[in-house]
Amino acid sequence: MTRLSVNLNKVALLRNTRTLGIPSVTRAATIALETGAHGITVHPRPDARHIRTDDVHALSMLLRDYPDAEFNIEGNPFHAALDLVRTVRPHQFTLVPDEAAALTSDHGWDLERDGERLQPIIRDLKALGIRVSLFMDPVPEAITAAARIGADRVELYTEPYAASFDTAGGADMLARYVAAADAARRAGLGVNAGHDLNQQNLGPLVAAIPYLAEVSIGHALIAEALEDGLAATVAGYLRILRDSPRKSSRP
């Protein structure tokens with residue numbers, strides 16, 4: 001079964017609009033984990049507009065009570081994220097090439113440009129026992145390069161898939177993701193996915209990529225939770241991951 005990691009950035013964004021400390025990021029994490037989520041994802045940014053350094057430490061402590069769950073930190077290693085990751089030592093660090101002021105992540109790594117300077121960072125993180133995933137566009141050639149510089153996994157940037165879902169070009173776009181995932185698997189990489197996934201488009205993606213290791217979902221999940229409640233929404237995603245029919249796995 002594909003694992004669900006719940007991204008809590010939007011919970012922190014709402015909290016930060018006031019000084020009352022609500023909603024609580026750790027309480028949201030507890031609800032998600034008690035409902036069955038397999039992990040928690042956060043993406044602290046230099047301006048601390050949502051997740052803050054103290055949130056990362058608090059979540060790391062909380063996850064000690066959930067030994068089967070994983071902590072995934074996302075961030076740009078060239079924007080001061082490395083010191084925090086080295087201190088906390090999450091299970092996984094997803095390296096994302098976003099600019100400091102970016103509204104959200106909107107593209108994968110250009111490894112022809114950045115691969116050489118990422119390689120020693122990846123090596124050092126793995127020496128600390130941290131799994132390394134690279135945020136990548138669905139381009140098979142680029143995926144192969146991720147393996148060459150030492151990554152353990154790739155996270156496929158799925159906004160183009162989500163944008164094309166239920167359109168005339170949707171099937172062709174999904175095929176691009178399947179091809180990229182197959183390239184990753186052949187290169188010995190695990191495959192994650194995330195960005196703009198929701199309860200409508202998630203099932204077809206995991207059905208088409210039966211070996212998908214993890215999806216990280218935040219924006220849609222938190223938005224849906226405003227109507228249905230966080231526990232019910234997490235449970236809904238878990239049902240999709242459990243019940244979606246898988247296509248035959250490629251060798």
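For the modelled label position 7 Å from the Cα of residue 223 along Cα-to-Cβ, which residues of the range 1-16 have backbone nitrogen atoms closer than 18 Å?
Only 6-15 fall inside the zone, counting backbone N under 18 Å.
So what are the range 53-138's ellipsoid semi-axes, whole angstrom, largest first, if each one is the square root of 5 times an eigenvalue of the alpha-carbon gyration tensor? List each step's numbers first, then the result.
On the way: eigenvalues 105, 44, 28 Å².
The three semi-axes for the range 53-138 are 23, 15, 12 Å.
At 7 Å along the Cα-to-beta-carbon direction for both residue 235 and residue 65, put a label point, then send me their distance in nm to one decimal.
Rounded to a tenth, the inter-label distance reads 2.1 nm.
State, as an integer percentage, the relative contact order of the range 3-243 based on alpha-carbon contacts under 8 Å between residues 6 or more apart. All intermediate terms of the calculation are to be shown ahead of the outcome.
Values: 432 pairs, mean separation 45.8, N = 241.
This gives 19 percent for the range 3-243.
List the residues whose amide H sits under 5 Å from the amide H of residue 199, counting only those 5 or more places along or on another chain, with H placed 1.01 Å from N in the peptide plane.
The list, which skips near neighbours in sequence, is empty: none.
Taking other Cβ within 10 Å of each residue's Cβ, how do 113, 89 sort, fewest first? Kindly include the intermediate steps, with their values, before the conclusion.
On the way: 113 10, 89 14.
In increasing order of surrounding Cβ atoms, one gets 113, 89.
How big is the Cα convex hull of the range 138-251 in projection, averaged over all directions, in nm²? Show your work: numbers first, answer last.
Working: hull surface 28.6 nm².
About 7.1 nm², averaged over all directions.
Test of understanding: ordering 237, 211 by Cβ neighbours within 10 Å, fewest first, what list do you get? Numbers along the way, then the final one.
Values: 237 24, 211 15.
Neighbour counts put them in this order, fewest first: 211, 237.
Distance from the Cα centre of the range 198-239 to that of the range 136-188, in angstrom?
Taking the Cα centre of each part, the range 198-239 and the range 136-188 sit 19 Å apart.
Once you place label points 7 Å from the Cα toward the Cβ at residue 110 and residue 242, how far apart are they in nm?
4.5
Could you list which residues have their amide H under 5 Å from that of residue 7, counting only those 5 or more apart in sequence or on another chain, with H placed in the peptide plane?
41, 217, 218
No lab work stands behind these numbers, since they all come straight from the coordinates. Here the structure is a predicted model, which is why all the values come from computation and not from measurement. Positions of Cβ are backbone-derived with ideal geometry, glycine not excepted, and every protein chain shown enters the neighbour counts.
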